[in-house]
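The values are calculated or read from the model by the stated rules, or taken from the named source; none is laboratory data. It should be emphasised that the depicted structure is a prediction, and the values quoted were computed from it without experimental measurement. Positions of Cβ are generated from backbone atoms using ideal geometry, with glycine treated the same way; all protein chains shown enter the neighbour counts. Only protein heavy atoms, including side chains, enter the accessible area calculation; ligands, DNA and RNA are left aside. Shrake-Rupley method; radii C 1.70, N 1.55, O 1.52, S 1.80 Å.
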Amino acid sequence: MGINRRNFFKVAAVTGAGACAALSTPAQASGPALPADPGYGMLNDSTRCIGCKACQTACKKVNELPSEGTLEDGGALYDSPRALSDSTYTLIKMHRDEQSGEATFVKQQCMHCLDPACKSACLVGAFVKEKEGAVTWDGGKCMGCRYCMVACPYNVPQFEWHKAIPDISKCTLCHDTRLTKGKPTACAEVCPADAITFGHRDELLRMARARIAAHPEKYDPHVYGENEVGGTNVLYLTKPKVGFASLGLPAFGYIAPPRLTESIQHGVFKYFIPPVAIYAALGGILAFNQRRNKLKGGTEHE
Amino acid sequence: MSKAVALRGKFWTPNVALLVFFMAGAAVFSYFRFFHGFGSVTNLNPNYPMGMWIAFDVACGVALAAGGFTTCLIVEIFGKHKYHALLRPAILTAFIGYMLVGMAVMFDLGRWYYIWHALIYWNGNSVLFEVAWCVMLYLSVLAVENVPAVVEEYKDKVSLPGLLGRFNGLVNAFLQVADKVMGKVAVFFVLGGVVLSFGHQSSLGTMMLIAPYKLHELWFTPWSPLLFLMSAIAVGPSMVVFEASLATYFFNRKSEIHLIGDFAKFIPWFLGAFLLARFGDLAWRGALAAAFVPGTYAYAFWVEMALFIIPCAALMNKGVRFHGVKLFLAACSVILGVVVYRFNVFLIGMDMGPGWNYFPSVGEFAVTFGFVAFGVFLYKLAVNYLPILEQQH
C-alpha cells in the first residue's frame, strides 16, 4: 500500500474540500427549467362566481366520475361533496373572510403549477407538465407511494383509499378529453357567469390586470398564482374584502418548492464527485489504518 | 481472540411463539390492506397520505439499521479492531432491518406490484428516487457482507433437506467461489456500504423539504439532510449496545459490558456533534423562539431534545457506560430520541391543512408490530444457525 501519512492528509484535505463545496451549493437555488411558453390555464374570478356548481357537474360528466354521497349512511343525495376526493376533481365552496365577515364562492381544483412539486417529488416521473400547460398523471408508471400528495402545497392529488388497485386522481385541465382536441376545459365552457375563463396564461394575466384596472373598487389588486409557488396556470381574483388566504389560497412564497430539494439533491450528487470523493477519502483512511495496524504488529484482526 | 459460532440452541421457545402471534396478526390485517384497499385498515386520509408505515417502518427502520454502517466505519475503516466482535451482529441486524424496510415499502405502495418501476423509470429530481436506489443497492451490499458468515458455517457442509438436496453441489460451488472472491473484494463493499448509507440516511432528511408550507420551522431547514445523517450515526452505536444487551439477556450469555461499555464512548461524541449542529441551525435560522411557544410542536421538540441530551450527558460518565442497566437505558433513550425525531419530521411537525387528523389505526399498529416481530424472528434464526455471536467460554 503506497500511502503514507503525508499523502493521506493530502487526499483527505482535497476530498474534504470537494465535499464541502458540493454541500454548500444548496444555499444558492438554481433556476427552474421552465418552459418558454407556459401554455393554457384558467382565470377563476371569485367576484363573479354565483355558486351554481355547473362546473362541478360538467367536470363529473367529462371525467365520468360517480356522484358522491355526503351523508353518513352513504346515500347519494343531491348534495355537494365537502372536499376534493378521488371522484371530485373540482369543487365550489363558499368561504367567509373572518376579518371582514364578507363571503364569496370560489372554485377549487389543481393549480397546474409551472414548476410542480408533485412532478419533482415523483420518483418514477409519473407526473408530466404538458406543453399545453396541464399537469397530468401516468397510471402506467405510478407505484402509489403518495409522496405527490405530501408535496402538493394545495393538497390536490387524491388517492383511491377503498380500492385494492388505487389510482392517483386530480383535475387534468381536460388535457386528454378536450384540450388536445382544441376545446376549452369543460368547467370553463359551462360557467354561466363567466367566472371561469379558459385561455393562454399570458392572455389570462393581461385580462386579470385589465379587470383590476377597470374596477379597482371591485378587486383586490393582486393576481393569485402569477408568482405563488413559482407561478400557476390557474389564476385567481378576489374582492378587496375577502383575502386569498380565506379562500384556501395561502400567501405562499414565490419560489417553487422543488428548487430547494432539487438543488440539495443535485449538489450532493454533482457529477458524482461528492460520493466518489467520500468513497476515496474513506478508502484512504482505511488503507492508512490497515498499514498502521500492520506496522504495530497488531494481530488483533486476522 | 475468540471466534464467532452458531448458537445452535433451542429455537422454538415461548418467546418465539409470541413473535409468531404478532406476525399472524399482521398477516390478517395485510389481507384486508391488499384486497380491500388502505381504507379498510388504515386511518390514512387525503391530508395525511403517509402515516406510521412510512414514519416508523421506513424512516425509523432505516435510521435504526444504522448500526451496520457506523460499526463498519469504526471497526473496518478507522481500524478499531478491538470491537470486531460487534461487527457481525451489526451487519446482520442492518441486513434484516433493510429487508424489513423493503417489505414495509411494499405494504405502503398502493401499486406495490410496480415497485420495480424504480429501476426503469428515473426521475433524478426526486429525493425519493435517490432514497430508493441507495436502499436497494445498500441492501445488496449488506447481503454480500453477510456472505462470509454463511461460507464459514456451510462451505463443504451443504446438506439441504429433501428434494433441495440435489442442489447441494451447486450451492457448495457457489460458496467456494464466494469464499475465494470475498477476501479480495470485501473492502470495496465496506466502503460502498458506508457511502450509500451517507446518501440515503441524509436524503430521508431532504424528503419533507418538498413541503415547506407543511413542515414546522423547528424541523424545516436546508441542513435537515446533514442532521438526519448525524443522528443516524449517533443512533448506530446505540443500536449495537441495545441489541448486544438484549442478546446477552435472552440467550443467557455472559455480559459483554467491557466491550459495549467501551464502544459506547463514541455515542456522546456523535450525539454531542449532532446536538451542536441541531441547536446551531435553530439559532442561525432564528427558529429557537418557536421552541418556547407552548403547543404540540414545542412539546414534541423538547421531548426529542430531552431524549438526546440526557443520554449524551450520562454516557460521558464511565460509571454509566460500564453499568449494564444504565448503559441499556441510555441507549434506549437515544433510540427513542431518533424515533421521535423522525416522527416529528414525518408526521407531528407537519401541518397538513384543515379538516383532517391522523392517528394510526389498530391495523397499522398490528402490521408494524408484525414487522418488528418478524425482524426479531429472523435475528434469532440467523444467530442460531450462523456464526454471528462470539464464542464464550
Test B:Ala132 against the criterion of being assigned to a helix (DSSP H, G or I), within 13 Å of chain A (Cβ to nearest Cβ) and open to solvent by 10 Å² or more (accessible area, probe 1.4 Å), and give yes or no. yes
Residues of segment A:97-109 being within 14 Å of another protein chain (Cβ to nearest Cβ) and modelled with pLDDT under 95, in sequence order, are A:Glu98
From the list B:Leu137, B:Leu170, B:Leu164, B:Leu100, which one is crowded, with 18+ Cβ neighbours inside 10 Å and of a type in the set (A, V, I, L, M)? B:Leu100
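Condition check ((1) of a type in the set (D, E, K, R); (2) within 27 Å of A:Met149 (Cα to Cα); (3) in the same structural domain as A:Glu102 (by TED's automatic domain parsing); (4) not in a loop (DSSP other than H, G, I, E, B)) across all residues:
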{"residue": "A:Leu204", "(1), (2), (3), (4)": "no, no, yes, yes"}
{"residue": "A:Arg209", "(1), (2), (3), (4)": "yes, no, yes, yes"}
{"residue": "A:Ala213", "(1), (2), (3), (4)": "no, no, yes, yes"}
{"residue": "A:Pro221", "(1), (2), (3), (4)": "no, no, yes, no"}
{"residue": "A:Leu235", "(1), (2), (3), (4)": "no, yes, yes, yes"}
{"residue": "A:Lys241", "(1), (2), (3), (4)": "yes, no, yes, no"}
{"residue": "A:Ser246", "(1), (2), (3), (4)": "no, yes, yes, yes"}
{"residue": "A:Leu249", "(1), (2), (3), (4)": "no, yes, yes, no"}
Taking the conditions exactly as written (within 14 Å of chain B (Cβ to nearest Cβ) and either over 25 Å from the mean Cα position of the chain (by Cα) or farther than 18 Å from A:Thr88 by Cα (or both)), does A:Val150 satisfy them or not? yes
Lone qualifier among B:Leu204, B:Leu170, B:Leu175 - being without any contact (Cβ under 8 Å) to a residue 24 or more places away in the chain and assigned to a helix (DSSP H, G or I): B:Leu170
Starting from residues that are in a loop (DSSP other than H, G, I, E, B) and not hydroxyl-bearing (Ser, Thr, Tyr), keep the ones in segment B:149-167 and report whichever is farthest from A:Ile285 (Cα to Cα). B:Pro161
So how many residues does segment B:116-129 have that are open to solvent by less than 60 Å² (accessible area, probe 1.4 Å) and either closer than 20 Å to B:Val62 by Cβ or away from chain A (no Cβ under 11 Å) (or both)? 5
Of these, B:Val325, B:Val303, B:Val345, B:Val293, which one is of a type in the set (A, V, I, L, M) and open to solvent by less than 40 Å² (accessible area, probe 1.4 Å)? B:Val345
Please find, within segment B:188-213, the residue that is farthest from the other protein chains (Cβ to nearest Cβ) out of those that are over 18 Å from the mean Cα position of the chain (by Cα), more than 14 Å from B:Tyr138 (Cβ to Cβ) and aliphatic (A, V, I, L, M). B:Met208
Could you run through segment A:272-293 and say how many residues are of a type in the set (A, V, I, L, M, F, W, C), without any contact (Cβ under 8 Å) to a residue 24 or more places away in the chain and facing chain B (nearest Cβ under 7 Å)? 2
Pick out the one residue from A:Lys270, A:Lys218, A:Lys241 that is within 26 Å of A:Lys129 (Cα to Cα) and open to solvent by 70 Å² or more (accessible area, probe 1.4 Å). A:Lys270
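Residue-wise test of (1) open to solvent by 60 Å² or more (accessible area, probe 1.4 Å); (2) on the phi > 0 side of the Ramachandran plot; (3) more than 14 Å from every other protein chain (Cβ to nearest Cβ).
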| residue | (1), (2), (3) |
| --- | --- |
| B:Arg8 | yes, yes, yes |
| B:Phe11 | no, no, yes |
| B:Asn15 | yes, no, yes |
| B:Leu18 | yes, no, yes |
| B:Gly25 | no, no, yes |
| B:Val28 | yes, no, yes |
| B:Phe32 | yes, no, no |
| B:Val41 | no, no, no |
